[in-house]
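A.B. asks: A single structure is presented below for examination.
The values are calculated or read from the model by the stated rules, or taken from the named source; none is laboratory data. Nothing here was measured: the structure is a model prediction, and the numbers come from that model. Here the Cβ positions follow ideal geometry from the backbone for every residue, glycine too, while neighbour counts run over all protein chains shown. Remember, those area values only see protein heavy atoms, side chains included, never the ligands or the DNA or RNA. Shrake-Rupley method; radii C 1.70, N 1.55, O 1.52, S 1.80 Å.
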Amino acid sequence: MLDKVKEFINEVSAFNSNSKEEIEAFRIKYLGSKGLLKGLFAEFKNVDPKQKKEFGQALNTLKTTAEKKVETLNNALEGNGEQKSFYGDLSRPAEPIELGARHPISIVKNQIIDVFSRIGFTISEGPEIEDDWHNFTALNLPEYHPARDMQDTFFVEKHKNVEKDMLLRTHTSSVQIRYMENNKPPIRTISPGRVFRNEDISARSHCIFHQVEGLYIDTDVSFADLKQTLIYFTKEMFGKSKIRLRPSYFPFTEPSAEVDIYWGLKTETDYKITKGTGWLEIMGCGMVDPNVLKNTKIDPEKYSGFAFGMGIERIAMLLYQIPDIRMLFENDIRFLEQFKSVI
Ligand code: DAH
């Protein structure tokens, strides 16, 4: 009796068909209300008690094998019937591909890089956690120099038996120093990056923001070269080439200037953002101080150069009329999605 059941199990396992009728006949033969299994279960009471356990287990195996067989064969059949090819239904409309948007900071950064690459500037980067030398001292800002107060600093380690004070860089001017230490003139490079200042967060300022630093060192570089470069930049970037340079002070440049561009007074927004003057401040610049060249082992008798630095957030806010700097850091999808059309 047990052997018979085992034979059935083999038979069921070996069964294969892709005909609906054959599979149904198979189901009725084994699992139907008058099927083989029904009969075998009825025999159960006549089995020798010693064999009951083994016989019961074999019957159950037969039953589940038969059920599974019917199910798999029927599934395969359905799949064949409705053009479910290996690749699925090729006539179905495709899933829409969700397009992301570049962040406005990246858009503006890439535009600036693009404009300066066209006139031969390379791109350089430096660390965000910086030492005192690269962020301050080498830039002609020795310890206790009052100009250090211009930039409230996040210190990582300060005066704690450490070799050097470590801090979060307050500007990308630190990359100038690293670049000059590691490259010989002629130098033409821009350094985009994230900077940090210990400032209260408001609609106008944030403790984290981005800057692009520019540096040009060669023989006979003059202030006129700086001015022409700035005119080229503002024309390419904003489509406006009227600029003015206001005398200013930065420890690392001499002379130093602040660059304003003439934005115009055509619309109400123009009035608002320029406070009714038509002029907008966009960056700081100047001729690299001879002390800075000396600090990086570049001979100031032989070489001169200019540098400039601008805030990316400020430019992005101008170009896209973003009223609050915090919007650039919150990653609200409703804000970011609006930049989908910009490359
Ligand atoms: N580092 C200055 C700042 O963070 C910006 C700056 C001004 C950079 C003048 C320069 C420069 O290279 O020449 O405010």
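A.B. asks: State the antiparallel share, in %, of DSSP beta bridges confined to the chain, rounding to the nearest 5.
C.D. replies: In the chain, DSSP labels about 95 percent of beta bridges as antiparallel.
A.B. asks: Separation of region 35-82 and region 288-334 by C-alpha centroid, Å?
C.D. replies: When both Cα centres are located, 78 Å separates them.
A.B. asks: Among 333, 145, 284, which residue has its Cα positioned farthest towards the positive end of the charge dipole of the chain, with +1 placed on the Cβ of Lys and Arg, -1 on the Cβ of Asp and Glu, and the dipole taken about the Cα centre?
C.D. replies: Most positive-ward Cα: 333.
A.B. asks: A follow-up question, please. Past the 32 Å Cα-Cα mark, which pairs from 242/294; 272/294; 164/294; 29/50; 158/302; 242/297?
C.D. replies: In this structure, 242/294; 272/294; 158/302; 242/297 exceed 32 Å between Cα atoms.
A.B. asks: I would also like to ask the following. Which value, in debye to the nearest 20, gives the size of the charge dipole of the chain about its Cα centre, when Lys and Arg are +1 and Asp and Glu are -1 at the Cβ?
C.D. replies: Here the size comes out at about 1120 debye.
A.B. asks: What does the helix-only formula give at 222 nm for the chain: each DSSP H stretch with n ≥ 4 adding -39500 (n - 2.57), the total divided by the residues, and the result rounded to the nearest 500 deg cm²/dmol?
C.D. replies: Estimated from H runs of four or more residues: -12000 deg cm²/dmol.
A.B. asks: How about residue 6: which aspartates and glutamates have a C-alpha closer than 14 Å to its C-alpha, ignoring those fewer than 8 places off in the same chain?
C.D. replies: 54
A.B. asks: Continuing with this model, one more query. Which aspartates and glutamates does residue 69 reach when only Cα atoms under 17 Å apart count, and residues fewer than 8 places away in its own chain are ignored?
C.D. replies: In chain and number order, the partners are 7, 11, 21, 22, 24, 78.
A.B. asks: Where a Cα-Cα gap under 26 Å defines reach, which lysines qualify for residue 340, not counting those fewer than 8 residues away within the same chain?
C.D. replies: Cross-link targets: 109, 235, 240.
A.B. asks: FRET efficiency for residue 92 and residue 117, Cβ-Cβ distance as r, R0 = 45 Å, nearest 0.05?
C.D. replies: Efficiency computed from Cβ-Cβ geometry: 0.50.
A.B. asks: What is the magnitude of the charge dipole of region 2-80 about its Cα centre, with +1 placed on the Cβ of each Lys and Arg, -1 on the Cβ of each Asp and Glu, and no other charges, expressed in debye to the nearest 20?
C.D. replies: Dipole about the Cα centre, nearest 20: 380 debye.
A.B. asks: Could I ask something else about it? How many Å² of accessible area per residue for the chain, probe 1.4 Å?
C.D. replies: Accessible surface, normalised per residue, equals 59 Å².
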